[in-house]
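Below is one structure, written out as structure tokens, with a few remarks after it.
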Amino acid sequence: MAQKVTKPATKSSAVKADAPVHFIFDKGNYRLLIISAVVVAFGFILMAGTTDIYSTTKIVIAPLVVLGGFALGFVAIFKKPEAKA
């Protein structure tokens, strides 16, 4: 039975150290993601508390704020970064 001989990696297949790093998200995406997390947290703060559990703020406004925060999070994830020339 013949033995398999493997070659060591050549320089052309190795990752160059000078190559610029390309991230999936840019600064705007991260900013929107942080803003969406703050909006969701604010919605949960509006829902918190034990007094007057049937108030309009707790059963209507706060859930809408949370859903808006999640929607903003989806926008932050799916937004394409601007192409650099």
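The values are calculated or read from the model by the stated rules, or taken from the named source; none is laboratory data. Not measured: the values here are computed from a predicted model. Here the Cβ positions follow ideal geometry from the backbone for every residue, glycine too, while neighbour counts run over all protein chains shown.
Remarks
- Region 1-38: number of residues that are over 26 Å from Lys84 (Cα atoms) and modelled with pLDDT of 80 or more: 2
- Boolean, Phe44 is surrounded by 12 or more Cβ atoms within 10 Å (Cβ to Cβ), modelled with pLDDT of 80 or more, on the phi < 0 side of the Ramachandran plot and within 31 Å of the chain's Cα centre (by Cα): yes
- Within region 72-81, not a single residue is of a type outside the set (A, V, I, L, M), over 24 Å from the mean Cα position of the chain (by Cα), exposed (fewer than 11 other Cβ atoms within 10 Å of the Cβ) and modelled with pLDDT of 90 or more.
- Scanning region 44-59 for residues that are part of a loop (DSSP other than H, G, I, E, B) and either among the hydrophobic types (A, V, I, L, M, F, W, C) or touching a Cys at 6+ places or on another chain (Cβ under 6 Å) (or both) yields Ala48, Ile53.
- Looking only at residues in region 48-63 that are surrounded by 11 or more Cβ atoms within 10 Å (Cβ to Cβ) and among the small types (Gly, Ala, Ser), the one that is nearest to Ser36 (Cα to Cα) is Ala62.
- Ala19 in a loop (DSSP other than H, G, I, E, B) and either in contact with a strand residue (DSSP E or B) (Cβ under 7 Å, 6 or more places away or on another chain) or of a type outside the set (D, E, K, R) (or both): yes
- Flag if Val39 is among the hydrophobic types (A, V, I, L, M, F, W, C) and assigned to a helix (DSSP H, G or I): yes
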